[in-house]
Amino acid sequence: MSFRPDFLWGGAVAANQCEGAWDEDGKGLTISDCMTAGDVNTPREFTDGIIPGKYYPNHDGIDFYHRCKEDIALFAEMGFKVFRFSISWARIFPTGEDSTPNEKGLQFYEDVIDTCRSYGIEPLVTISHYETPYALVKKYNSWASREMVEPFLRYCKTIFERYKGKVRYWLTFNEINTIILHPSMSAGIRVGEGDNWAQTVYQAAHHELVASAGAVKLGHEIDPENQIGMMMLYPTFYGETCDPADQLECMRQMDTHYYFSDVQVRGYYSPKAKKLLDRKGVTLRIAPGDEALLNAGRVDYIGFSYYNSNVATTREVELIDGNMINSVPNPYLTASEWGWQIDPVGLRLALNNLYDRYQIPLFVVENGLGARDTVLPDGTIEDDYRIDYLRRHILSMKEAVEEDGVDLMGYTCWGPIDLVSVGTGEMRKRYGFIYVDRDDKGGGTYARSKKKSFAWYQKVIATNGGDLN
Ligand code: BGP
């Protein structure tokens, strides 16, 4: 058995990284609108609102808001079966809590969904992808407060009802586990000096877990056909040596991530999760009804992102960059220009570990190589490095399915069209099969052109992963 006949091949984007039109048609400000540009050496800054004179690359994104039909036509030409995008909460409820939803926002996403469907592409909607309305940050310190749950569920109800019958696949929070790595970027929380970091962040995580479970329950009630998944950053850790202490450290690192998926899949905090909280000195405030809701809101499938693997050690060493996590260099791997260690086997391990642990369908909803592209004088882009990365990762998925028996629903590689990087705010870090003429300062025509990888991915999809050459 290879990939299912109905395997969902496609690509994934997020509203904040591609739409632009940050203040058009009634949209409110979100946390990603308040992130300045950075680069590989300069971290992005999360400013208090918009500060004149600073550059915010997400404000214009790649102008997907105005070009979505043209872009989806290109995805259709590649043969996409699924397109993953997020809905920006603040396009629907500009302050997060408005009494009525913003019709223009609802209509925009309806157009995206209808365009997908006109090509036979299944929409896969992420409900929250680093896009919390900024008004809620000011009012409640975002997910640090329980007050977030009710408006979030109202937003979910609005979109579940509006797109009923048109959207079947959903994900609740993008990379929910990143709240413990980058709480501001992930969930809009500001942890002040003197605050108990772990208490604030794990309490906020509890609110997100409760909100996610509430969304799953609601989504199933509104339409039993809905397939609602969780989404985590899967970090594949190796212990640096066979010193048992390194292996224990490796397990500990993984435990901090399984903390989230265990709750979302199994519906309760495991004994180990409770010990983890004890060790961190955290006392969770769990409201009456939360535990029942976590159990009622168990997910239908697991979506995860995978870009690189990591190494855990007990030694004091200098760490290098990876996606959200800094790691010890792995001498067996090469790294991307941004330092992320390329490891297709780590994806096979991720699929095996998750499937062995949970036995529910998996969906790789992000994977890809961020690389600098060169436009040749004749306008073409020879991105063989990207093809090589994707080929090796798809091959690993295939081995996990064919040889290990993993149940895999689909694959949406990250950024099928170039977009603004989350980590650095750069444009030059490109993932796409489709090139966008835009630079790191916001210059460029926004024109789209096909890279060499475009035809390659088209063939991969046409052969259901049979021809990866
Ligand atoms: C994931 C995010 C995405 C995406 C990707 C690549 O963690 O879910 O939104 O951006 O990482 O990261 P970057 O943009 O930093 O290259």
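The values are calculated or read from the model by the stated rules, or taken from the named source; none is laboratory data. Quantities reported herein were computed from a predicted structural model and do not represent experimental measurements. Neighbour counts run over all protein chains shown; Cβ positions are idealised from the backbone, glycine included.
Observations, loosely collected:
- Residue among TYR411, TYR457, TYR355, TYR385 that alone is among the aromatic types (Phe, Trp, Tyr) and either within 30 Å of PRO43 (Cβ to Cβ) or at pLDDT below 95 (or both): TYR385
- A single member of ALA287, ALA292 is free of Cβ contacts under 8 Å to residues at least 40 places away in the same chain, surrounded by fewer than 18 Cβ atoms within 10 Å (Cβ to Cβ), closer than 27 Å to CYS156 by Cα and of a type in the set (A, V, I, L, M), and it is ALA292.
- Of everything listed in (1) within 16 Å of the ligand (Cβ to nearest atom); (2) surrounded by fewer than 17 Cβ atoms within 10 Å (Cβ to Cβ), the single unmet condition for ASN353 is (1).
- Selection from region 415-464 of residues that are within 10 Å of the ligand (Cβ to nearest atom) and aromatic (Phe, Trp, Tyr): TYR431
- Matching residues in region 100-131 - criterion: being within 16 Å of the ligand (Cβ to nearest atom) and not β-branched (Val, Ile, Thr): LEU124, SER128, HIS129, TYR130, GLU131
- One residue stands out among those in region 203-244 that are in a helix (DSSP H, G or I) and within 24 Å of ALA350 (Cβ to Cβ): the one that is farthest from the ligand (Cβ to nearest atom), which is PRO244.
- Of GLY105, GLY10, GLY38, all but one fail to be within 25 Å of ALA187 (Cβ to Cβ) and crowded, with 22+ Cβ neighbours inside 10 Å; the exception is GLY105.
- Residue match in region 382-390 (condition: in a loop (DSSP other than H, G, I, E, B), more than 29 Å from GLU249 (Cβ to Cβ), touching a helix residue (DSSP H, G or I) at 6+ places or on another chain (Cβ under 7 Å) and away from the ligand (no atom under 15 Å from the Cβ)): yes
- Filter result for TYR134 (more than 16 Å from the ligand (Cβ to nearest atom), crowded, with 23+ Cβ neighbours inside 10 Å and either under 23 Å from the mean Cα position of the chain (by Cα) or in contact (Cβ under 8 Å) with a residue 24 or more places away in the chain (or both)): yes
- The set of residues in region 303-321 being within 15 Å of the ligand (Cβ to nearest atom) and either assigned to a helix (DSSP H, G or I) or surrounded by 22 or more Cβ atoms within 10 Å (Cβ to Cβ) (or both) consists of GLY303, PHE304, SER305, TYR306, TYR307, ASN308, SER309, ASN310.
- The set of residues in region 322-341 that are assigned to a loop (DSSP other than H, G, I, E, B), within 16 Å of the ligand (Cβ to nearest atom) and within 21 Å of GLN247 (Cα to Cα) comprises GLY322, ILE325, ASN326.
- Against the list (1) part of a helix (DSSP H, G or I); (2) touching a residue at least 40 places away in the same chain (Cβ under 8 Å); (3) away from the ligand (no atom under 16 Å from the Cβ), the condition ASN58 fails is (3).
- Test: residue in region 187-202 that is within 16 Å of the ligand (Cβ to nearest atom) and either in a loop (DSSP other than H, G, I, E, B) or of a type in the set (Phe, Trp, Tyr) (or both): yes
- Any hit, region 82-89, residues being assigned to a helix (DSSP H, G or I), within 16 Å of the ligand (Cβ to nearest atom) and buried (at least 17 other Cβ atoms within 10 Å of the Cβ): yes
- Among the residues here, CYS68 does not qualify as within 24 Å of VAL364 (Cβ to Cβ), within 16 Å of the ligand (Cβ to nearest atom) and not hydroxyl-bearing (Ser, Thr, Tyr).
- Subset of region 331-370 [among the charged types (D, E, K, R) and more than 24 Å from ARG428 (Cβ to Cβ)]: ARG348, ASP356, ARG357
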